[in-house]
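Heads up: the structure comes next, in structure tokens.
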Amino acid sequence: QVQLVESGGGLVQPGGSLRLSCAASGSIFSINAMAWYRQAPGKQRELVARITAIGSRLYADSVKGRFTISRDNAKNTVYLQMNSLKPEDTAVYYCYVNMVVTGRLDGMDYWGKGTLVTVSS
């Protein structure tokens, strides 16, 4: 059994910062890509940032220069540092992890339950 536990969401004023965390636990053999997605009301879920096992990063154009994704492999945790937040960043943010669990040979996709980020004055 594998769990993804997200934390760090909340209400912040425009221009403020938040840091999201997502910790994976359970029968994990190895973790491949980790990422953050978001879904705003009435919109489709979209990729925010992604980081591979060797640290290569990819960002959505809308967050480049403001958000930073990082990971701590020893803690099976991925972070999203969000700076200069804008009202349009308001969304539910979902953690995504592709990992190989004990007893399997292939990687599988896992999703967190989501954490709400609201940017408003």
Item checked: Only listed residue being loosely packed, with under 14 Cβ neighbours inside 10 Å, touching a strand residue (DSSP E or B) at 6+ places or on another chain (Cβ under 9 Å) and under 18 Å from L4 (Cβ atoms), chosen from T77, T52, T102, T115 -> T102
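Identify all residues within region 32-45 that are open to solvent by 80 Å² or more (accessible area, probe 1.4 Å) and either closer than 11 Å to Y93 by Cα or in a strand (DSSP E or B) (or both); write none if there are none.
Within region 32-45, the first condition is being open to solvent by 80 Å² or more (accessible area, probe 1.4 Å), and the residues that meet it are 41-45.
Hit for region 32-45 is R45, nothing else.
Answer yes if at least one residue in region 14-27 is assigned to a loop (DSSP other than H, G, I, E, B) and under 28 Å from T102 (Cβ atoms), and no otherwise. Spell out the reasoning first.
Here is the first cut: in region 14-27, the residues assigned to a loop (DSSP other than H, G, I, E, B) are 14-17, 27.
Filter once more, so that each one left must be under 28 Å from T102 (Cβ atoms): 27.
For region 14-27, residues assigned to a loop (DSSP other than H, G, I, E, B) and under 28 Å from T102 (Cβ atoms): present.
Scan region 46-89 for residues that are part of a helix (DSSP H, G or I) and free of Cβ contacts under 8 Å to residues at least 60 places away in the same chain and jot them down. Even if it seems obvious, please write down each step before you answer.
In the first step, residues of region 46-89 are kept if they are part of a helix (DSSP H, G or I); the result is 87-89.
Passing the criteria: E88, D89.
State yes or no: is Q13 touching a residue at least 24 places away in the same chain (Cβ under 8 Å), under 23 Å from S84 (Cα atoms) and loosely packed, with under 15 Cβ neighbours inside 10 Å?
Values: touching a residue at least 24 places away in the same chain (Cβ under 8 Å): yes; under 23 Å from S84 (Cα atoms): yes; loosely packed, with under 15 Cβ neighbours inside 10 Å: yes.
So Q13 passes the test.
I need a count of the residues in region 16-30 that are of a type in the set (A, V, I, L, M) and either closer than 17 Å to L85 by Cβ or open to solvent by less than 30 Å² (accessible area, probe 1.4 Å) (or both). Show your work before the answer.
Start the filter on region 16-30 by keeping residues that are of a type in the set (A, V, I, L, M), which leaves 18, 20, 23-24, 28.
Next, only the ones that are either closer than 17 Å to L85 by Cβ or open to solvent by less than 30 Å² (accessible area, probe 1.4 Å) (or both) stay: 18, 20, 24.
Selection size over region 16-30: 3.
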Notebook entry, point to check: Here are some conditions: (1) touching a strand residue (DSSP E or B) at 6+ places or on another chain (Cβ under 9 Å); (2) at pLDDT 95 or above; (3) not charged (D, E, K, R). Q44 meets all but one. Which one does it not meet?
Noted result: (1)
Margin query: Could you check region 55-74 and list, in sequence order, the residues that are surrounded by 20 or more Cβ atoms within 10 Å (Cβ to Cβ) and touching a helix residue (DSSP H, G or I) at 6+ places or on another chain (Cβ under 9 Å)?
Written below: V63, F67
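The values are calculated or read from the model by the stated rules, or taken from the named source; none is laboratory data. Keep in mind it's a predicted model, so treat the numbers as computed, not measured. Reconstructed Cβ throughout: ideal geometry from the backbone, glycine too, with neighbour counts over all protein chains shown. Please note that ligands, DNA and RNA were not included when accessible areas were found on the heavy atoms of the full protein model with its side chains. Shrake-Rupley method; radii C 1.70, N 1.55, O 1.52, S 1.80 Å.
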